[in-house]
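A short write-up of the structure that comes next.
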Amino acid sequence: MTQKLVVIGAGMASGRALEHLFEAGADWDVTLFNAEPRGNYNRIMLSPVLSGEKTYQEIVTHDEAWYQERGVDTRFGTRVTEVDRAAKIVRGSDGSEIAYDKLLFATGSNPFIIPMPGHDLEGVIAYRDLEDTERMMNMPAGSKVVVIGGGLLGLEAAAGMAARGVEVTVVHIMGHLMERQLDEPAGYLLRRALMDKGITVKCKANSKEILGQDGKVRALLLDDGTELPCDLLVMAVGIRPNTKLGADCGLAVGRGIHVDDQMVTSDPDVLAVGECVEHNGAVFGLVAPLYDQAKVVAKTLLGEEAAFQPREISTKLKVTGCDLFSAGDFGEGDGREDIVFRDPARGVYKRVVIKDNKIIGAVMYGDTADGNWFYGMMKDGTDISDMRETLIFGPAYQGGASVDPMAAVAALPADAEICGCNGICKGQIVDAINAGAHDLAGIRATTKASASCGTCTGLVEQVLAVTLGDDFVMPSVQSVCGCTDLSHEDVRRLIKSQELKSQQAVWQELGWKTVNGCHVCRPAINYYLLADWPVEYQDDPQSRFVNERNHANIQKDGTYSVVPRMWGGITTPDELRAIADAAEKYNAKTVKVTGGQRIDLLGIKKEDLPGIWYDLNQAGMVSGHAYSKGLRTVKTCVGTDHCRFGTQDSTGLGIKLEKALWGSWTPHKVKLAVSGCPRNCAEATCKDVGIICVDSGYEVSVAGAAGMDVKETEFLAKVPTEAEALELTCAFIQIYRENAKYLDRAYKWVAKVGLDWVKEQVVDDLANRNALAERFELSQSIYRKDPWADLAAPQQAERFAPVADFTLEAAE
Amino acid sequence: MSWTDIAALEDIPVRGARIVKTHAGCIAVFRTDDNEVFATSDRCPHKGGPLSEGIVHGKSVTCPLHNWVFSLETGEAQGADEGQIATYPARVENGRVLMDLSEINKVAA
């Protein structure tokens with residue numbers, strides 16, 4: 001006898017279940033309800049439809065004819081309003097009543113709409129069905145759309161619209177995109193690729209409210225006050241199983257409609273499949289498990305044995321040009337090991353997570369060709385101990401001889417490109433070597449290979465090694481620290497050439513081995529970024545040594561020393577009184593005159609710092625930066641004002657220099673002095689920059705030292721006017737800032753690059769001197785300010801006190 | 001465990017720390033890049049440096065005085081140095097930092 005089956009929902013899961021059922025030749029009388037006014041289409045292909053790579057017709061999986069041939073009574077556009085399980089009847093919104101022997105729930109899921117203010121405005125949509133897709137497709141080029149949600153669906157929506165010329169901003173609450181499928185490095189690469197497509201991506205962004213005008217969406221307001229104007233707002237923050245009908249008719253429902261391994265609900269005549277179900281506490285959103293369920297539900301209906309078993313699933317993102325693959329569990333945990341391969345220049349990242357010699361997870365970005373191979377081994381639980389060393393290179397490298405990078409370079413043909421920036425092939429490098437260029441500098445000079453961005457330096461060195469054999473000694477460069485193999489010089493060059501403007505960009509693009517560096521590299525990277533990108537990069541206090549974070553010198557007992565600035569060593573009775581008052585009020589243990597012509601208050605408690613700063617600020621004084629890798633002091637003699645030998649106003653020039661340079665950050669500390677005559681009372685000839693005034697002008701010399709090393713300055717140039725002395729000094733400081741290794745004093749750096757080179761840059765080339773001084777001024781427009789004033793403000797001052805004090809509480 | 005509300009997570013800078021004063025001395029409460037929190041003794045066993053002023057990297061902190069590095073999870077000194085700092089239970093819930101002060105109160109009593 002023909003049995004009656006009623007199916008609620010014509011989505012991908014029920015479509016597949018019906019296929020299995022009819023293929024098995026089942027004799028069922030099927031009625032199919034669907035609230036959407038159409039049959040089954042491949043919902044996961046909506047993204048290619050949105051981006052214009054496919055049409056809707058191409059993604060229809062079951063058309064009218066298919067249902068007709070199989071005698072399915074289709075009721076599209078009809079919602080099921082009620083299920084009467086006692087009478088075994090389903091009622092539709094069109095008033096129909098259909099009796100069933102077996103009922104199949106395939107009600108799918110509903111997009112989750114965050115119930116924030118404004119979510120019901122016109123122009124706020126989800127990304128779920130063809131209507132939503134069409135809505136997005138109809139956005140004209142140049143219009144603005146905000147997508148909330150940086151998961152699979154949100155990103156596909158964003159990329160699809162961006163491909164149509166829409167200005168898209170993705171707002172994601174987590175720290176990196178697709179955090180459920182990707183780890184941070186892969187998420188970073190994905191973000192970069194999307195930004196290259198013109199999509200703005202905001203991570204760690206909390207949406208607060210949707211703003212409207214005349215009932216229509218106008219902008220999204222974030223927690224931090226940012227307003228993102230938009231003509232359409234797409235919420236793609238997740239889905240919730242659609243359980244309402246199931247719950248209404250009394251089925252056991254949790255997050256989804258409860259089913260057993262046979263996909264049977266709490267009612268033996270009612271089954272459920274797809275995104276609406278909950279199986280062993282899990283709900284489902286990706287297509288692979290839904291198809292598995294469809295197979296099981298069909299067999300159960302046919303009276304055959306079958307059991308649904310969730311399996312590891314893999315994910316791919318359907319965005320052209322963003323190749324990513326993710327499978328299994330890639331979180332950190334005990335007994336887990338990572339094998340990571342990175343090639344930041346090519347944008348390739350692969351990570352395989354191993355536990356007990358088996359692959360339990362994999363994340364790939366950029367090159368996902370081997371994804372299924374890893375996935376296969378993960379599903380099969382293959383023991384990988386034998387291929388461990390070459391595992392990450394994929395199937396092509398298994399079972400053969402061990403991989404030797406030198407052999408690989410040796411095997412490259414002559415026309416293989418080595419340096420992408422300058423288009424230099426292996427053959428050209430070999431020719432240069434044969435013509436006498438026997439080291440990296442020689443290759444750079446003759447071919448330009450590795451002379452631009454430098455990422456091919458390793459390859460060029462390998463070509464040298466292969467060509468020269470034992471004659472070539474691989475240079476051993478000192479890396480910044482254990483977090484990277486790159487030297488300071490390489491990092492500086494790459495930050496400039498690749499325009500890396502954030503710490504995150506440095507860690508990811510340069511393949512840092514640690515999550516966020518260490519106490520050695522972080523201060524260096526923070527300095528390089530702020531020196532090279534003063535406008536774009538924001539200084540990170542948490543990447544600074546305590547003195548530069550607390551703007552005072554920590555002493556061995558944990559107290560601090562406070563030194564107010566005295567411009568050119570000049571002070572006033574009022575300032576001295578204020579200093580004396582502060583010393584008393586804050587119990588300075590010692591008051592000392594420093595070698596740099598100012599007064600040091602030692603033994604100040606941390607919680608008193610904002611207070612003493614405030615008091616000194618009130619008297620017109622600012623931080624003396626006695627703690628910084630930056631300008632310290634400009635020492636002066638009294639010059640023509642008082643001295644019978646003085647030739648120029650050395651104090652005046654000293655003050656002008658200090659006012660120009662103060663607040664600037666440099667690779668190491670910078671000390672200046674200006675002497676009014678060659679008697680040199682200000683001891684200018686052992687400073688980083690020393691100026692000696694003479695009758696005919698100013699003798700500027702640089703690269704002196706009077707610390708661990710004692711070294712006389714070297715003559716840079718003589719200039720006739722004060723203005724030129726100022727510009728030359730600023731240009732020298734800037735070229736030192738732009739090029740030196742962090743923690744190299746100027747004299748060490750000049751010894752490395754040679755004084756002649758410095759002269760070429762700042763003495764001979766006036767245009768360059770001018771440009772350097774301008775770049776210095778741009779940076780100073782941001783950094784020439786008193787840090788004490790900011791930190792003494794009440795809301796900042798709190799940070800200097802304990803966050804909680806339980807000694808008081810217990811005493812009560 | 002009995003959890004005590006210490007502060008809002010926002011009160012502690014990312015990759016930074018604040019201190020909590022107790023009868024058993026200062027406790028440093030760290031916040032990592034991943035918004036995990038850890039509580040340890042604020043005193044470096046080497047020369048008493050204030051660890052709360054150190055650079056926080058990964059799940060470690062470097063003492064500002066002489067660059068000893070400690071794991072925030074275990075309190076163990078890393079690398080060539082040998083030493084241990086006390087660690088205390090801490091966690092984040094609804095944007096608030098909670099600490100279990102029972103161990104500390106025992107020490108103080």
Selected residue [within 21 Å of A:PHE806 (Cβ to Cβ) and of a type outside the set (A, V, I, L, M, F, W, C)] from B:THR62, B:THR32, B:THR40, B:THR74: B:THR40
Condition check: at the interface with chain A (Cβ under 9 Å from one of its Cβ atoms), over 14 Å from the mean Cα position of the chain (by Cα) and modelled with pLDDT of 90 or more. Does B:THR4 satisfy that? yes
Touching a Ser or Thr at 6+ places or on another chain (Cβ under 9 Å), more than 19 Å from A:TRP788 (Cβ to Cβ) and within 10 Å of chain B (Cβ to nearest Cβ): is that true of A:THR484 in this structure? no
Of (1) at the interface with chain A (Cβ under 10 Å from one of its Cβ atoms); (2) at negative phi; (3) surrounded by fewer than 17 Cβ atoms within 10 Å (Cβ to Cβ), B:ASN35 fails just (2)
Among what's in segment A:286-318 and is at pLDDT below 80 and not assigned by TED's automatic domain parsing to the domain that holds A:ALA24, pick the residue that is surrounded by the fewest Cβ atoms within 10 Å (Cβ to Cβ). A:ARG311
Among (1) assigned to a strand (DSSP E or B); (2) under 30 Å from A:MET377 (Cβ atoms); (3) among the hydrophobic types (A, V, I, L, M, F, W, C), there is one condition A:ALA288 misses while meeting the rest; what is its number? (1)
Going by the structure shown, is A:LEU808 within 14 Å of another protein chain (Cβ to nearest Cβ), more than 31 Å from the chain's Cα centre (by Cα) and in a helix (DSSP H, G or I)? yes
What pairs come up if the first residue lies in segment A:700-717 and is surrounded by fewer than 20 Cβ atoms within 10 Å (Cβ to Cβ), the second is part of a loop (DSSP other than H, G, I, E, B) and among the basic types (Lys, Arg), and their beta carbons are under 7 Å apart, counting only those six or more places apart or on different chains? A:ALA705/A:ARG745
For residues that are over 20 Å from A:ALA673 (Cβ atoms) and either of a type in the set (Gly, Ala, Ser) or away from chain B (no Cβ under 14 Å) (or both), tally how many sit in segment A:549-591. 24
Looking at segment A:159-187 only, could you name the residues that are in contact with a strand residue (DSSP E or B) (Cβ under 9 Å, 6 or more places away or on another chain), in a helix (DSSP H, G or I) and either hydroxyl-bearing (Ser, Thr, Tyr) or in contact (Cβ under 8 Å) with a residue 60 or more places away in the chain (or both)? A:ALA159, A:GLY160, A:MET161, A:PRO185, A:ALA186
Of the residues A:GLU82, A:GLU64, A:GLU58, A:GLU36, which is outside the structural domain of A:LEU232 (by TED's automatic domain parsing), of a type in the set (D, E, K, R) and out of contact with any strand residue (DSSP E or B) (no Cβ under 8 Å at 6 or more places or on another chain)? A:GLU58
Quick one: which residue in A:ALA583, A:ALA524, A:ALA531 is over 29 Å from A:LEU772 (Cα atoms), crowded, with 20+ Cβ neighbours inside 10 Å, not assigned by TED's automatic domain parsing to the domain that holds A:ASP343 and not polar (S, T, N, Q)? A:ALA583
Those residues of segment A:749-763 which are without any contact (Cβ under 8 Å) to a residue 60 or more places away in the chain and either within 20 Å of A:VAL480 (Cα to Cα) or not in a helix (DSSP H, G or I) (or both) amount to A:VAL750, A:ALA751, A:LYS752, A:VAL753, A:GLY754
Residue among A:LEU50, A:LEU130 that alone is modelled with pLDDT under 90 and either in the same structural domain as A:LEU228 (by TED's automatic domain parsing) or closer than 19 Å to A:ALA10 by Cα (or both): A:LEU130
Residues B:GLY83, B:GLY49: which one is surrounded by fewer than 19 Cβ atoms within 10 Å (Cβ to Cβ) and either within 9 Å of chain A (Cβ to nearest Cβ) or farther than 30 Å from A:ASP224 by Cα (or both)? B:GLY83
List the number of the failed condition for A:GLU798; all other conditions in (1) on the phi < 0 side of the Ramachandran plot; (2) within 14 Å of chain B (Cβ to nearest Cβ); (3) in contact (Cβ under 8 Å) with a residue 12 or more places away in the chain; (4) surrounded by fewer than 17 Cβ atoms within 10 Å (Cβ to Cβ) hold. (3)
Could you tell me which numbered condition B:SER71 fails, if it satisfies all but one of (1) more than 10 Å from chain A (Cβ to nearest Cβ); (2) closer than 20 Å to A:GLU548 by Cα? (2)
Which residues, taken from segment B:53-84, are of a type in the set (Ser, Thr, Tyr) and under 15 Å from A:VAL520 (Cβ atoms)? B:SER60, B:THR62
Keeping to segment A:500-547, report how many residues are under 15 Å from A:HIS668 (Cα atoms), touching a residue at least 60 places away in the same chain (Cβ under 8 Å) and within 11 Å of another protein chain (Cβ to nearest Cβ). 2
If I filter segment A:551-570 down to residues being modelled with pLDDT under 95 and among the β-branched types (Val, Ile, Thr), which single residue comes out as farthest from B:SER52 (Cα to Cα)? A:ILE570
Residue ID - nearest to the chain's Cα centre (by Cα), chosen from residues in segment A:492-509 that are modelled with pLDDT of 90 or more and closer than 24 Å to B:VAL69 by Cα: A:GLN504
Which of the strands (runs of 3 or more DSSP E) contained wholly in segment A:575-689 include at least 1 residues that are in contact with a Phe, Trp or Tyr (Cβ under 7 Å, 6 or more places away or on another chain) and within 30 Å of A:LEU755 (Cβ to Cβ)? A:631-636
Selected residue (criterion: nearest to A:GLY165 (Cα to Cα)) from residues of segment A:50-63 that are out of contact with any helix residue (DSSP H, G or I) (no Cβ under 8 Å at 6 or more places or on another chain) and surrounded by 13 or more Cβ atoms within 10 Å (Cβ to Cβ): A:GLU53
Kindly indicate the residue of segment A:421-452 that is at pLDDT below 75 and touching a Ser or Thr at 6+ places or on another chain (Cβ under 8 Å) and also nearest to A:VAL473 (Cα to Cα) among those meeting that condition. A:SER450
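The values are calculated or read from the model by the stated rules, or taken from the named source; none is laboratory data. Predicted, not measured: the structure shown is a model, and the values here were computed from it. Positions of Cβ are generated from backbone atoms using ideal geometry, with glycine treated the same way; all protein chains shown enter the neighbour counts.
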